[in-house]
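Here the structure comes first, spelled out in structure tokens, and everything after it is commentary.
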Amino acid sequence: MLTLTVSQRRELKAQAHNLSPVVIIGKAGLSANVIDELERGLLSHELIKIKAQLDDRNARKALFEEICLKLTAAPVQHIGKIFVIYRPNPEKENAKQTQSLIRKKHLPRRSKRSYQN
């Protein structure tokens, strides 16, 4: 299970506010198909919202922890029947780093006079 800092968790909560649940877990609980769907959701979105149809509070808490352990994801938020989990996609992070390096190398330096025109 990944861990997040308080500021990272706060930022992810703000991003997740407008999301709708990607997966709805029924009373049968976790199955192989549900885990596969959660995996696909994390690969494409990194931050997903899950809704559980369980009435027992302790069962929902155990389910939330089990999901995070099986998917090696970080728990962001658990409010009622809604879970928010996050797992960074290493391919996207590597692409961002390489693009930022490419941009920095190829940008010409601007002189003081070029800003005046």
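Computed extension length for His45-Ile79: 10.2 nm, one decimal, from 0.36 nm per residue of separation with the Cα-Cα distance subtracted. In summary, the chain shows an alpha-carbon radius of gyration equal to 1.45 times the 2.2 N^0.38 Å reference for compact globular proteins. Can you tally the net charge around Thr3? Count Lys and Arg as +1, Asp and Glu as -1, for every other residue whose Cβ sits under 14 Å from the Cβ of Thr3. In short, +1. Under the simplified labelling scheme, the Thr72-Glu91 pair shows an inter-label distance of 1.6 nm, with each label point 7 Å from Cα along Cα→Cβ. Springs join every pair of Cα atoms under 10 Å in this Gaussian network model of the chain, and among Ile85, Ile48, Ile25 the largest mean-square fluctuation is at Ile25. Sum up the charges of everything whose Cβ sits under 14 Å from the Cβ of Ile24, counting Lys and Arg as +1 and Asp and Glu as -1, but leave Ile24 out. Spelling it out: positives minus negatives among the neighbours equals +4.
Computed from the coordinates by the stated procedures, all read-outs in this text should not be read as laboratory data. Note that the coordinates shown come from a computational prediction; the quantities given were computed from them, not determined experimentally. So basically every Cβ, Gly included, is an ideal-geometry build from the backbone, and we count neighbours across all protein chains shown.
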